[in-house]
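Peer 1: Handing you this structure, nothing more for now.
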Amino acid sequence: RGVPLQSAYAASKRAVQGFTESLRSELRHEDSGVGVSIVHFPAFNTPQFEWVRSHADRGQRPFPPIYQPEVGAEAVVHVAETGRTETWVGWPTVATALANRFSSRLVDRLLAELPYGLQQTGPVAADRPDNLFDPVDDDRDYGIRGPFDDRARETSAFFEVSKRRGLVGAALAAAL
């Protein structure tokens, strides 16, 4: 689902989704035996917000809730090990996808009213280095985490349940 201030990011995610679906069908047609999976992520605390090119006068930050990148890495490993073709990580991903399927107009309205400040930080220098054409040339080790550690979650309860969906389904069926 595209959200305000992230149109280029949303467009690239849609392109990856379409590419993955097409590739999966082509591989199946060829009986290749190669599996292709896609993992739908929530917002992550990555360094991208410190070095991407932007012409906005305020810095950008991920839309909350924010998760640490290790949550995403764990999801990718899990999908690779289990062979799932698709999985969602984090309740915001699930809630947004389901809400969009049932009432995209309502989601449009809610996102239009969303405080833009949730995705913005303070003023940013116009001459801030960026990595559009070349790597950022400074001595910092950016690592995998960005500047939002104080707001980022270390785990995703939804993903933990999703990893055990067979067990959860059996427990629900037994309870019913």
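The values are calculated or read from the model by the stated rules, or taken from the named source; none is laboratory data. No experiment lies behind these values; they were computed from the predicted model shown. Please note: Cβ atoms are built from the backbone with ideal geometry, for glycine as well, and neighbour counts cover all protein chains shown. SASA here: full protein model, heavy atoms, side chains in, ligands and nucleic acids out. Shrake-Rupley method; radii C 1.70, N 1.55, O 1.52, S 1.80 Å.
Peer 1: Identify, please: which residue in segment 116-169 is modelled with pLDDT under 85 and of a type in the set (Phe, Trp, Tyr) and is, among those, most open to solvent (accessible area, probe 1.4 Å)?
Peer 2: Once the filter is applied, the top-ranked residue is TYR116.
Peer 1: How many residues are at pLDDT 90 or above and open to solvent by 50 Å² or more (accessible area, probe 1.4 Å) when one looks only at segment 60-72?
Peer 2: 1
Peer 1: Can THR85 be described as open to solvent by 60 Å² or more (accessible area, probe 1.4 Å), polar (S, T, N, Q) and under 22 Å from GLN17 (Cα atoms)?
Peer 2: Yes.
Peer 1: Answer yes or no as to whether ARG101 is in contact with a helix residue (DSSP H, G or I) (Cβ under 9 Å, 6 or more places away or on another chain) and basic (Lys, Arg).
Peer 2: When the stated conditions are applied, ARG101 does not pass them.
Peer 1: If I ask for residues that are within 21 Å of SER54 (Cβ to Cβ), touching a residue at least 12 places away in the same chain (Cβ under 8 Å) and acidic (Asp, Glu), which ones from segment 121-176 would you list?
Peer 2: Hit for segment 121-176 is ASP130, nothing else.
Peer 1: Further question on the same structure: Select from segment 88-109 the residues that are farther than 25 Å from ARG165 by Cβ and exposed (fewer than 13 other Cβ atoms within 10 Å of the Cβ) and list them in ascending order.
Peer 2: Selection gives SER103, SER104, ARG105, LEU106, ARG109.
Peer 1: So GLY83 clears everything in (1) at pLDDT 85 or above; (2) in contact with a Lys or Arg (Cβ under 8 Å, 6 or more places away or on another chain) except one condition, right? Which one?
Peer 2: Going through the list (1) at pLDDT 85 or above; (2) in contact with a Lys or Arg (Cβ under 8 Å, 6 or more places away or on another chain), GLY83 breaks only (2).
Peer 1: Just name the residue that is surrounded by the fewest Cβ atoms within 10 Å (Cβ to Cβ) out of those in segment 1-59 that are among the basic types (Lys, Arg) and under 15 Å from the mean Cα position of the chain (by Cα).
Peer 2: The selected residue is ARG14.
Peer 1: Taking segment 108-123 on its own, how many of its residues are more than 16 Å from PHE148 (Cα to Cα) and either part of a loop (DSSP other than H, G, I, E, B) or of a type in the set (Gly, Ala, Ser) (or both)?
Peer 2: Going through segment 108-123 one residue at a time, the tally reaches 3.
Peer 1: Give just the number: which of (1) touching a residue at least 40 places away in the same chain (Cβ under 8 Å); (2) of a type in the set (A, V, I, L, M); (3) in contact with a helix residue (DSSP H, G or I) (Cβ under 6 Å, 6 or more places away or on another chain) does VAL34 not satisfy?
Peer 2: Failing condition for VAL34: (1).
Peer 1: Now for a different question. If you scan segment 43-66, which residues turn out to be in contact with an Asp or Glu (Cβ under 8 Å, 6 or more places away or on another chain) and closer than 18 Å to ALA10 by Cα?
Peer 2: Selection gives ASN45, VAL52, ARG53, SER54.
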